[in-house]
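The values are calculated or read from the model by the stated rules, or taken from the named source; none is laboratory data. Because the structure is a prediction, the values reported are computed rather than measured. Here the Cβ positions follow ideal geometry from the backbone for every residue, glycine too, while neighbour counts run over all protein chains shown. Areas reflect the complete protein model, heavy atoms only, side chains present, ligands, DNA and RNA absent. Shrake-Rupley method; radii C 1.70, N 1.55, O 1.52, S 1.80 Å.
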Amino acid sequence: MTGARDILGRLEALGSEQTRKTWRRHGVPEPMYGVKFGDLEKLRKQLGRDQALAAALWQTGNHDARVLAAMIADPATFDAAALRAWQADAACHVLADAFVAHVASRSPAWRDVLEPWLSSTAEPARRAGWTLVSHLAKDHPDLKDSFFAPLVPRIERELHGAPNRAREAMNWALIAIGARSDALAAAATAAAERLGPVAIDHGDTACKTPDAALYIAKARDHQHKKAAKKPAARRPPARAV
């Protein structure tokens, strides 16, 4: 049975000062080994779902261990209290985004935390809420457009006055919502055009703020081309009477 100590040793071996420098520029705090996401993904595939190991890795406080913990955690075991606890522990937006992507957006308790996070005055929680919206828009085809439609004017009202990293997440959420359907694309594009340029401080990184209207248009064009390539459903042969 693989334990947290063994995994920490493997993470340390995979880390590098170059990657640590990159993560520092993105606001990642110590302690960390500086492991690339590609190497963490390989470990995730090897380990599979393991909630006990995930909990142990999370408790270490090490950034790389916590990202891996989010990747192997079992979302089904997270109730609202557990989601709130892990979100509060996430010390930077890199870790918070990994947690939302792998755990919060797949937990059956996501509905219980979404609105409190969206309404929070704390930047990390608010970012978590809008990052959650992005993943719901991308990964939950069961949700109806009517769930996302009211969020478009909300983004338009709140984006420019939101904290920096929450503002970034809201811009991405607007893109994800607009990419879902032609109807939502029209509403999201109109909102993006009224919002105008979105100012985000990316720190000492090469990251750029995406133009929401442009990204939405590209996403919808891709979806239309993808749909056009699908073969038409074959009709069953007519039965002789």
Residue 127 in contact (Cβ under 8 Å) with a residue 24 or more places away in the chain and either open to solvent by 10 Å² or more (accessible area, probe 1.4 Å) or under 13 Å from the mean Cα position of the chain (by Cα) (or both): yes
For region 1-25, give me each residue that is closer than 21 Å to residue 51 by Cα and either of a type in the set (Gly, Ala, Ser) or assigned to a loop (DSSP other than H, G, I, E, B) (or both). 1, 2, 3, 4, 9
Checked region 36-71 for anything among the small types (Gly, Ala, Ser), in contact (Cβ under 8 Å) with a residue 24 or more places away in the chain and open to solvent by 10 Å² or more (accessible area, probe 1.4 Å); matches are 48, 56, 61
Taking into account only those residues within region 148-194 that are touching a His at 6+ places or on another chain (Cβ under 9 Å) and more than 23 Å from residue 124 (Cβ to Cβ), which is most open to solvent (accessible area, probe 1.4 Å)? 182
Residue count, region 72-94, condition of a type in the set (Gly, Ala, Ser), in a helix (DSSP H, G or I) and open to solvent by 20 Å² or more (accessible area, probe 1.4 Å), comes to 5
In region 194-204, is there at least one residue being modelled with pLDDT of 90 or more and more than 28 Å from residue 152 (Cα to Cα)? yes
Which ones in region 107-156 are in contact with a Lys or Arg (Cβ under 7 Å, 6 or more places away or on another chain) and in a loop (DSSP other than H, G, I, E, B)? 120
With the condition kept exactly as written, say whether any residue in region 131-147 is closer than 24 Å to residue 103 by Cα, crowded, with 18+ Cβ neighbours inside 10 Å and among the small types (Gly, Ala, Ser). yes
